[in-house]
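Novice: Take this structure first; my questions come after.
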Amino acid sequence: MTLWKTPPDLAALTRKGQNTMHSHLGIELLEAGPDYLRARMPVDHRTHQPFGLLHGGASVTLAEMLGSIASMLCVDQKKETVAGIEINANHVRSVRSGWVTGTVRPLHIGRTTHLWDIRIENEHAELVCVARLTVAVLQQHAS
């Protein structure tokens, strides 16, 4: 059984992210399972803070991207759209280089809100950041 109303097409989602913050930061969609999405982000000059560590804002960007895409895949895109309304993150380990990988899984998929758990790990599968994203499901109006 799958969570998705729209089957994840990673190539199409990657094309949609061209010339956005996601492509600027080097974020790559990696995998879609029946109830999760996974992406990775480089830890380099694009994602560092001034002291040479992964910037917390870059981790939050990865988390919000994953949760927003996941929500979009859970709604009827002809009738509904989604918008992030709250995100929080705890940064538990620093990273200086390499890649971090984020995995999003649902905590709640409701009619008007979705709640997502996003775990970001380093290349040794150690937790770097855990985030929680709340997304509103909005009705599209004919224009």
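Quick note: the coordinates plus some simple rules give every number you see, no bench work behind them. Keep in mind that this is a model prediction, so the values were computed, not measured. All Cβ positions, glycine included, derive from the backbone under ideal geometry; neighbour counts span all protein chains shown.
Novice: Report the residue, chosen from Thr101, Thr61, Thr20, that carries the largest GNM mean-square fluctuation when the chain is represented by alpha-carbon nodes joined by springs under 10 Å.
Specialist: So, out of Thr101, Thr61, Thr20, the one fluctuating most is Thr20.
Novice: Comparing Asp76, Asp117, Asp44, which has the greatest mean-square fluctuation in the GNM of the chain with Cα pairs linked when under 10 Å apart?
Specialist: In this elastic network of the chain, the residue with the biggest mean-square fluctuation among Asp76, Asp117, Asp44 is Asp76.
Novice: As a test of the formula, what do you get for the chain when each DSSP H run with n ≥ 4 contributes -39,500 (n - 2.57) and the sum is divided by the residue count, at 222 nm and rounded to the nearest 500 deg cm²/dmol?
Specialist: Dividing the helical sum by the residues of the chain leaves -6000 deg cm²/dmol.
Novice: Given +1 on the Cβ of Lys and Arg, -1 on the Cβ of Asp and Glu, and no further charges, what dipole in debye does the stretch 49-115 carry about its Cα centre, rounded to the nearest 20?
Specialist: 140
Novice: What is the Cα radius of gyration of the stretch 1-58 over 2.2 N^0.38 Å, N being its residue count?
Specialist: Expressed relative to 2.2 N^0.38 Å, the Cα Rg reads 1.34.
Novice: Would you list Ile87, Ile120, Ile69 from fewest to most Cβ contacts within 10 Å? Provide the component values of the computation, followed by the final result.
Specialist: Numbers: Ile87 18, Ile120 29, Ile69 22.
Ranked by crowding around the Cβ, least crowded first: Ile87, Ile69, Ile120.
Novice: I would also like to ask the following. May I ask you to compute the full-extension gain from Ser94 to Lys78, defined as 0.36 nm times their residue separation minus their alpha-carbon distance, rounded to one decimal in nm?
Specialist: 1.7 nm
Novice: Here is a follow-up. Can you give the percent of C-alpha pairs in the chain whose distance is more than 25 Å?
Specialist: 25
Novice: Sort Leu138, Leu54 by Cβ crowding within 10 Å, fewest neighbours at the top.
Specialist: Leu138, Leu54
Novice: Could you work out how far the C-alpha centroid of the stretch 1-46 sits from that of the stretch 84-105, in angstrom?
Specialist: 14
Novice: Among Ser94, Ser68, Ser59, which one moves the most in a GNM of the chain with springs linking Cα atoms closer than 10 Å?
Specialist: In the Gaussian network model the winner is Ser94.
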